[in-house]
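Here the structure is laid out as structure tokens; the discussion comes afterwards.
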Amino acid sequence: MTGRQVGELAVYFALIIAATPVLGAYMKRVFAGERTFLDPVLRPIERLTYRLCGVDAEKDQTWIEWTVAMLVVNAASLFLLYAFQRMQHWLPLNPNHFGAVSADSSWNTAVSFTTNTNWQGYSGESTMSHFTQMVGLAFHNFLSAATGIAIAVAVIRGVAREKAKGIGNFWFDCTRSILWILLPLSFLAALFFVSRGVVQNFQADVAVKTVEGAEQKIPQGPVASQEAIKELGTNGGGFFNANSGFPYENPTPGTNFAQMLLIFAIGGGLTSALGRMTGSEKHGWAVFAAMSLMFLAGAVAATVFEQRGNPIHQKAGVQALPTEGGTGGNMEGKEVRFGIGDSALFATVTTDASCGAVNAWHDSFTPLGGLVPLANIATGEVIFGGVGAGLYGIFVFIVLTVFIAGLMVGRTPEYLGKKIESHEVKLAMLSILILTLLILGFSAAAARLPAGLSSLNNKGPHGFTEILYAYESGAGNNGSAFAGLNANTPWYNVTLGLDMFFGRFFMLIPILGIAGSLAAKKKIPASAGTFPVTGPLFTVLLVGVIVIVGALTFFPAFSLGPVVEHLLMEAGAVF
Amino acid sequence: MAQAQRRRLFDPAIVRPAVADSFRKLDPRLQARNPVMFVVLAGAFLVTVLLVRDVVRGREVLFNLQIALWLWFTLLFANFAEAMAEGRGKAQAAALKRGRTETVARRLTKRGEESVPATALRKGDRVVVEAGDAIPGDGTVVEGIASVDESAITGESAPVIRESGGDRSAVTGGTRVLSDRIVVEITSNPGETFLDRMIALVEGATRQKTPNEIALSILLAGLTIIFLIATVTLRPFAIYAGGSASTPVLIALLVCLIPTTIGGLLSAIGIAGMDRVLQHNVLAMSGRAVEAAGDVNVLLLDKTGTITLGNRQATDFFHAPGVLPGDLAEAAQLSSLADETPEGRSIVVLAKEKFALRARRVEGMNFIPFSATTRMSGVDYNGRKIRKGAGDSVTAWVRSLGGDIDATVTDLLNRISAEGATPLLVSDGPRVMGVVALRDIVKAGMRDRFDRLRAMGIRTIMITGDNPLTASAIAREAGVDDFLAQATPEQKLALIRKEQEGGNLVAMTGDGTNDAPALAQADVGVAMNTGTQAAREAGNMVDLDSNPTKLIEVVEIGKQLLMTRGALTTFSIANDVAKYFAILPAMFAATYPVLNALNVMHLANPRSAILSAVIFNALIIIALVPLALRGVKYRPLGAARILARNLWIYGVGGILVPFIGIKLIDWIVVALHLA
């Protein structure tokens, strides 16, 4: 790593550390219904929202009631987005006169945005009207993120409460996530992006003549507003196909840095909210530290391998080390204005969190550089993770860690005073199982079926990595594409749709079940005999369980993909 | 049972039947109870079928034959562990059965007595038992007193007294009356007696999975499914890569990855835990009770007999002004020579220790015994009237003789009371000699034990009938965390409820009938075997030695049981890292020779690598049988330190050990030309 790369990583990480307690304390207040400085503006809107929707936001819902409310809202919005796409030629704000989106692609996109995956099988600027982008997609950027935050808050409440029937109220949690957290922050971020040159208008494509005299269409649209929530809500669905690599989405290293901050902000803040709401701030920091360890390891590895570049190129005379006016290393698929450091860090951040925004093609990374995003997603995206999803994802691993290691202290395992028993273990295993089954199952099918293989642009282990990445990205609700795989085919649209759908909802229903069952339990007072969920030991244990139970399952698959590709590359083989 | 405590781990008498049992337990219906081992069984079966096919087709089978053999060995080793654990219980059950002889009972009827076989007795029958007879069934003494030999169940040869009424009325079927005659009311039907239940329990016949064991089984089953998915999908991946993955190799990988170590040893750990409790002469009615003991965070201990020695003892002489210390001791000693109470005897002992005063002949002494009205005792000897007793009584006595009591002595009396001790005022005629302090003596080593318990996060609460002042002084001295003074059975029950309400798990011991509700309410209730039938029914454990401090050991065994499970689970999962590095490069050696870079152990060839991993996986089970049966080493430390320790040994060790083990096995496999 160069000095600048180290410095940037250090500054970035320091800012995340600084933001975490601030956001955590704020979120705690918001979800406890306590006063905040935004109340004078937002309270009336909140009350109006409840009245218009005719919901009771006061009632304490059981986990089943809570989950049903959440599923109903998500199902309704899923169908709505499908309908918008199929009917966009009849709807307003379609200056480019795009036709209806195909059925399989609409299904894929509807699921994709509802599940906070934002996998894009389509190319936004040549498919979606401004109406679909704003009312359909941007709306889901908010709703799916708010759903994630709401689930995380409900889970935390389950841990914090004692002998309680309910885990809170979905309407309250969801509405407050949008009004108090997502809207204000994305508003500020959007203003910043506009000031740095991100476009924000309702115009049709602008046709210009290039210097060579050719015709070029320059796409326009309400980009900045969508960009902010794309990062903050870890959605990742870009206005343009090139996502954060496109200058209108991400013009400068400054906006790039801001985008990375937005991606981790809420995921980090929620660890602090976990600590504060359960009365053990140290526990929040222990979880934060576990996430940080994995993040830093990934960021360093990705940068090092990208900077190291490809030995085959070097034999042909390409510079590996940075020089005056040259970056060295592997610049394929990267934006010149970002270079290796910003691209590798962005790739790590976007796959740690289930964001999926990209500013470089992961497909073009060196095999081991590309393994970092792949491994990040394989952890279940618990490294800060998608907003809310990261927290409730790591919650499953916390439950397992507490169970396995908790036995070793000679007591029935307990997590912050709540006994972890067979019911919780069953549900936790279920939610881990579903991801493994989806990713490996679909990848195996795609690797054998002509429908899966025909979309590949690359042979050998790299092609395999592309398939694996697609299903990991879908099931993990990441949404970033390794690219190189033509995913807009009926096979991939349908299977990835299922992958995303089950990967989101079948994973989180068991987790909400755990929250409900923990809420009902009584709290055992902490003593010297209690398994400590704070401190470095717990942090290391948690990382160990995530790596061994979560990611090691994918070791055989990785070794047939990026690992063997790396070894072949070192041996000088080309395909 | 006394012999059982000294039984060697690999006693041939247990090992031989266990080996036979290992084969019997291959029955798929038995294996289906354990999902991990069932997958191994299915795998072994499949590899064997493929082996037969290959033999028929005349292919080279040496490699697959070895895989198949080692998979079967994996199963046998796991079965052996369970059979060993059961065998130890069975050996003890056999010893108990010998004590269960067919006896003839003398049943009382309206017209007199009739002789019936013991098996014909029903609840409510009354039987007569005389010296030399065996008691025909469990019951309560309703008439008479007798000394009873209970060695058949307790292993303790000293006879115990059983009498009607009070807390010593319960008798157990199979024990023998040594003297006198008692009438016993039978309280349990044949087949449900204590001895029957004890035999069933140690044989493991009624063993059910404990809640924690179920949770762990679910975790292991979940991991098994995850690895099944990872292995099954590996074949399509391999075919995509232009290679192949043979079924036996895939099964070998699967069996290596699924947690067979803990899966194979899980039931042995549970049975061995029950067995360890039994070796401490405590009979746990269920595995759940032993497990709950590990979770206990509040211990209720009776003061008398548990924390303190049974009686108060003289500890100090405080002489009055103008009295020589030796004179006080002499007066106190004289007044106590004929006093047969433990307090009196302790005064004589103290006088001898401190002033070398020897006991004298009692002739010519007129001993005045203690009475409730005078509240003092003493002796008239050589014209001296020596008295000792409660402060106010002796003061009144001295004043009646024309003497008076010094203010410093009054202060002394008050001070000793405030310390929780009992002051005895001693006078010789009208002269106040001084004060003898009687104190409860805390048993040696109790403070240390309570410190250990505190380190484990367990609070001890002392239960006593004493007044709060005395109670708090003893509590301080013994180092307990809290006390309940002037305790009644109702208060005891209320205290347990309150602690449970606050999320605590409570353990207690008890023997009396009035303890029964509290014993039933407590999460772990250890009834003394000498206690009443009601107490024994209410508790979920019975201490055959009737030693109340045993509770602490039971708690430690419970903790050890859970720790053993956790440690072996961690070890089992950590093992997977090395197995991946052994098998994966070997599996794809033909397709991607470059993957040999992952062969960090430098295993000789693909076949030896796979074989070594499978052999290691099987052998580690047998290597860990002693650990499963004995339990991991237990130390009374705080959770954080225990965790750190076990994590180093079983977590880090679990990652490293297989790297070394597989490499060693690889050398041997190659040296023997097995691959």
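Working carefully through the options B:A268, B:A238, B:A245, B:A272, find the one that is at pLDDT below 95, part of a helix (DSSP H, G or I), open to solvent by less than 10 Å² (accessible area, probe 1.4 Å) and within 11 Å of chain A (Cβ to nearest Cβ).
Answer to the selection: B:A238.
Given the structure, is A:A428 small (G, A, S) and out of contact with any Pro (no Cβ under 8 Å at 6 or more places or on another chain)?
In short, no.
Name the one entry in A:L232, A:L188, A:L183, A:L179 that is under 23 Å from the mean Cα position of the chain (by Cα), closer than 22 Å to A:A481 by Cβ, of a type in the set (A, V, I, L, M) and at pLDDT 90 or above.
The match here is A:L232.
So which of B:R497, B:R536 ends up being under 21 Å from B:V555 (Cβ atoms) and either modelled with pLDDT under 85 or assigned to a loop (DSSP other than H, G, I, E, B) (or both)?
B:R536
When the residues of the stretch A:343-389 are narrowed to those that are of a type in the set (S, T, Y) and under 23 Å from A:L185 (Cβ atoms), which ends up surrounded by the fewest Cβ atoms within 10 Å (Cβ to Cβ)?
Checking each candidate, the answer is A:T348.
Which numbered condition trips up B:G191, out of (1) on the phi < 0 side of the Ramachandran plot; (2) part of a loop (DSSP other than H, G, I, E, B)?
It is condition (1) that B:G191 fails.
For the stretch A:455-469, what are the residues that are of a type in the set (S, T, N, Q) and over 23 Å from the mean Cα position of the chain (by Cα)?
A:S455, A:N457, A:N458, listed by residue number.
Got a number for residues in the stretch B:278-309 being in a helix (DSSP H, G or I) and more than 27 Å from A:E414 (Cβ to Cβ)?
Counting residues in the stretch B:278-309 that are in a helix (DSSP H, G or I) and more than 27 Å from A:E414 (Cβ to Cβ) gives 2.
Quick one: count up the residues across the stretch B:149-168 that are open to solvent by 10 Å² or more (accessible area, probe 1.4 Å) and more than 23 Å from B:H280 (Cβ to Cβ).
Residues flagged as open to solvent by 10 Å² or more (accessible area, probe 1.4 Å) and more than 23 Å from B:H280 (Cβ to Cβ) within the stretch B:149-168 amount to 5.
Keeping to the stretch B:203-235, report how many residues are basic (K, R) and more than 9 Å from chain A (Cβ to nearest Cβ).
Selection size over the stretch B:203-235: 2.
Looking only at residues in the stretch B:425-451 that are among the aliphatic types (A, V, I, L, M) and free of Cβ contacts under 8 Å to residues at least 60 places away in the same chain, which one is most open to solvent (accessible area, probe 1.4 Å)?
Filtering first and then ranking leaves B:A444.
Consider B:A507 carefully, then state whether it is surrounded by 24 or more Cβ atoms within 10 Å (Cβ to Cβ), under 23 Å from the mean Cα position of the chain (by Cα) and not in a loop (DSSP other than H, G, I, E, B).
yes
In the stretch A:205-226, is there at least one residue being modelled with pLDDT under 90, surrounded by 24 or more Cβ atoms within 10 Å (Cβ to Cβ) and under 17 Å from the mean Cα position of the chain (by Cα)?
yes
Is it true that some residue in the stretch A:510-519 is free of Cβ contacts under 8 Å to residues at least 40 places away in the same chain and over 20 Å from the mean Cα position of the chain (by Cα)?
no
Test of understanding: among B:V56, B:V52, B:V61, B:V36, which residue is farther than 29 Å from B:L96 by Cα and buried (at least 20 other Cβ atoms within 10 Å of the Cβ)?
B:V36
So A:I439 passes all but one of these: (1) modelled with pLDDT of 90 or more; (2) open to solvent by 10 Å² or more (accessible area, probe 1.4 Å); (3) over 25 Å from A:A286 (Cα atoms). Which condition number does it fail?
Condition (2) is where A:I439 drops out.
Is at least one residue of the stretch B:576-584 open to solvent by 20 Å² or more (accessible area, probe 1.4 Å) and within 37 Å of the chain's Cα centre (by Cα)?
Yes: the stretch B:576-584 contains one or more residues that are open to solvent by 20 Å² or more (accessible area, probe 1.4 Å) and within 37 Å of the chain's Cα centre (by Cα).
Only one of (1) more than 13 Å from chain B (Cβ to nearest Cβ); (2) out of contact with any Lys or Arg (no Cβ under 8 Å at 6 or more places or on another chain); (3) not in a helix (DSSP H, G or I); (4) not aliphatic (A, V, I, L, M) fails for A:N477. Which number is that?
Status for A:N477: all satisfied but (2).
Select from the stretch A:548-565 the residues that are at the interface with chain B (Cβ under 9 Å from one of its Cβ atoms) and in contact (Cβ under 8 Å) with a residue 12 or more places away in the chain and list them in ascending order.
The answer is A:V549, A:T553, A:F554, A:A557, A:L560, A:G561, A:V563, A:V564.
Looking only at the stretch A:115-155, which residues are out of contact with any Lys or Arg (no Cβ under 6 Å at 6 or more places or on another chain), of a type in the set (S, T, Y), in contact (Cβ under 8 Å) with a residue 60 or more places away in the chain and crowded, with 24+ Cβ neighbours inside 10 Å?
Those that are out of contact with any Lys or Arg (no Cβ under 6 Å at 6 or more places or on another chain), of a type in the set (S, T, Y), in contact (Cβ under 8 Å) with a residue 60 or more places away in the chain and crowded, with 24+ Cβ neighbours inside 10 Å: A:T117, A:S144, A:T147.
What number of residues within the stretch A:181-223 are in contact with a Leu (Cβ under 8 Å, 6 or more places away or on another chain) and farther than 30 Å from A:A32 by Cα?
Selection size over the stretch A:181-223: 1.
Being under 30 Å from B:G503 (Cα atoms) and among the polar types (S, T, N, Q) is the filter; apply it to the stretch A:406-456 and report the residue that is farthest from the other protein chains (Cβ to nearest Cβ).
A:S431
Here are the criteria: (1) surrounded by 21 or more Cβ atoms within 10 Å (Cβ to Cβ); (2) at pLDDT 85 or above. Tell me which single one A:V549 does not satisfy.
For A:V549, the exception is condition (2).
Looking at the stretch B:590-606, is at least one residue more than 10 Å from chain A (Cβ to nearest Cβ) and of a type in the set (V, I, T)?
Scanning the stretch B:590-606 turns up at least one residue that is more than 10 Å from chain A (Cβ to nearest Cβ) and of a type in the set (V, I, T).
Tell me, which residue of the stretch A:513-538 that is out of contact with any Gly (no Cβ under 7 Å at 6 or more places or on another chain), more than 7 Å from every other protein chain (Cβ to nearest Cβ) and assigned to a loop (DSSP other than H, G, I, E, B) is surrounded by the most Cβ atoms within 10 Å (Cβ to Cβ)?
Once the filter is applied, the top-ranked residue is A:V533.
Can you name the condition, by its number, that A:G393 falls short on among (1) of a type in the set (G, A, S); (2) within 10 Å of chain B (Cβ to nearest Cβ); (3) not in a loop (DSSP other than H, G, I, E, B)?
Evaluating A:G393 over (1) of a type in the set (G, A, S); (2) within 10 Å of chain B (Cβ to nearest Cβ); (3) not in a loop (DSSP other than H, G, I, E, B) leaves (2) as the failure.
Grab the helices (runs of 4 or more DSSP H) fully contained in the stretch A:163-255, keeping just those with 3 or more residues being closer than 23 Å to A:Q120 by Cα and not β-branched (V, I, T).
Answer list for the stretch A:163-255: A:183-195, A:223-232.
From A:I312, A:I340, grab the single residue that is touching a residue at least 60 places away in the same chain (Cβ under 8 Å), crowded, with 24+ Cβ neighbours inside 10 Å and either under 16 Å from the mean Cα position of the chain (by Cα) or assigned to a helix (DSSP H, G or I) (or both).
A:I340
Among the helices (runs of 4 or more DSSP H) contained in the stretch B:1-79, which hold 1 or more residues that are aliphatic (A, V, I, L, M) and modelled with pLDDT under 90?
B:12-24, B:28-31
The values are calculated or read from the model by the stated rules, or taken from the named source; none is laboratory data. Model, not experiment: these values are computed from the prediction. With ideal geometry, Cβ positions are generated from the backbone for all residues, glycine too; neighbour counts draw on all protein chains shown. Keep in mind that these areas ignore ligands, DNA and RNA; they rest on the heavy atoms of the full protein, side chains included. Shrake-Rupley method; radii C 1.70, N 1.55, O 1.52, S 1.80 Å.
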